[in-house]
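The block underneath contains the structure these notes are about, expressed in structure tokens.
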Amino acid sequence: MALFGIGKKKDKTESNIILPKHIGIIMDGNGRWAKKRGLPRKAGHSAGTKTFRKITRYCSDIGIKYLTVYAFSTENWKRPHDEVESLMKLFKSYLEEALEDFKDDSIVVKFIGDKTPFSDDLRKLMTENEESSKYRDGMVLNIAMNYGSRSEIVRAVKNICNDVKDGKFGTEDIDESLFSDYLYTAGQPDPDLIIRPSGEHRISNFLLWQSAYTEFVIMNKLWPDFDKSDLDEALNIYAQRNRRFGGV
Ligand code: FPP
């Protein structure tokens, strides 16, 4: 049953359903989608990009405040050279359009992950997207690129050590809240819901610290086939969960 049909934000806030403030999505299954059709893997990534645009806009429409999508992990560099190259091309052509794409929805675009290994062109586009969208007031879209949660945590530890060494604060001041401020997601609420399409039951180095109390919903659809009604289904499952955060 689709509780979140078509319509804009005002319709959705009238709903009594508990909406997650922050959703994470592991966009998985592009390769299998292509294989099933006898197509090259890059065709799956291309189809996955269309789904990403559709679902991002839908999340914004229904009033989600933060959306984090896993686009490229620190481990994805291990893929065959031509697949990595086609993904980089796809990111580049997408980022050339992203500002216009999300302008009407006033979406704020951020990248989480280490930008260093990307080409100059791609890094420039990432910075341009971040700079030009930062004064918008809509949903925050975190695109995780060259992101890995373990390396995010190690980076946070190193930066905290440097700040202790520089006398900014002492080790006694380090607590969970301070630690969170050293992550790429600093200042943002933890994800309430993480959705993984394609049926895999893995977290794959995604938002490990931030997902301590996140609700997981695994869906069987491959990402390119994922539709608004699948998001509605995940939201309905989420709304029925009893979140206790370790309490009773
Ligand atoms: C995982 O599926 C998907 C990726 C590694 C790439 C995700 C990228 C996109 C959806 C492109 C859109 C993103 C942006 C920001 C433009 P897989 O290849 O591991 O699939 P498989 O498990 O079926 O092989």
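Just a few scattered comments:
- Lys54 sits among other residues whose Cβ lies under 9 Å from its own Cβ, and their net charge, with Lys and Arg +1 and Asp and Glu -1, is +3.
- Rolling a 1.4 Å probe over the protein heavy atoms gives the stretch 148-248 an accessible area of 54 Å² per residue.
- The stretch 176-234: chymotrypsin sites (Phe, Trp or Tyr not before Pro) in DSSP coil with no more than 13 other Cβ atoms inside 10 Å: Tyr213
- If you sort the three axes of the alpha carbon gyration tensor as a ≥ b ≥ c, you get a/c of 1.5 or more for the stretch 143-218 and a/b above b/c, which makes it prolate.
- Charge tally in the Cβ shell below 14 Å around Leu125, where Lys, Arg are +1 and Asp, Glu are -1, Leu125 excluded: -3
- Bridgeable lysines around Lys103 (alpha carbons under 20 Å apart, same-chain partners fewer than 8 residues away excluded): Lys8, Lys9, Lys10, Lys50, Lys54, Lys65, Lys92, Lys124, Lys134.
- Rounded accessible area of Thr74 (nearest 10 Å², 1.4 Å probe): 40 Å²
- Shape category assigned to the stretch 191-242 from the gyration tensor of Cα positions, a/c cut at 1.5: oblate
- What the stretch 90-144 shows is 49 Å² of accessible area per residue, with the surface traced by a 1.4 Å probe over protein heavy atoms.
- The stretch 117-246, accessible surface, carbon-and-sulfur percent (1.4 angstrom probe): 47 percent
- Contact order, relative form, for the chain: 29 percent (alpha carbon pairs under 8 Å, 6 or more residues apart, mean separation divided by residue count).
- In the assembled protein chains, Met27 presents an accessible area of approximately 40 Å² (probe radius 1.4 Å).
- Computed [θ] at 222 nm, deg cm²/dmol, the chain (DSSP H ≥ 4; -39,500 (n - 2.57); rounded to nearest 500): -13500 deg cm²/dmol
- Global geometry of the stretch 34-160, whether rounded, prolate or oblate, following the gyration tensor of its Cα atoms and the 1.5 cut on a/c: oblate
- Around Ala98: net Lys/Arg minus Asp/Glu count, Cβ-Cβ under 10 Å: -3
The values are calculated or read from the model by the stated rules, or taken from the named source; none is laboratory data. All figures in this text were calculated on a predicted structure; none of them were measured in a lab. Note: ideal-geometry Cβ built from the backbone for every residue, glycine included; neighbour counts use all protein chains shown. Please note that ligands, DNA and RNA were not included when accessible areas were found on the heavy atoms of the full protein model with its side chains. Shrake-Rupley method; radii C 1.70, N 1.55, O 1.52, S 1.80 Å.
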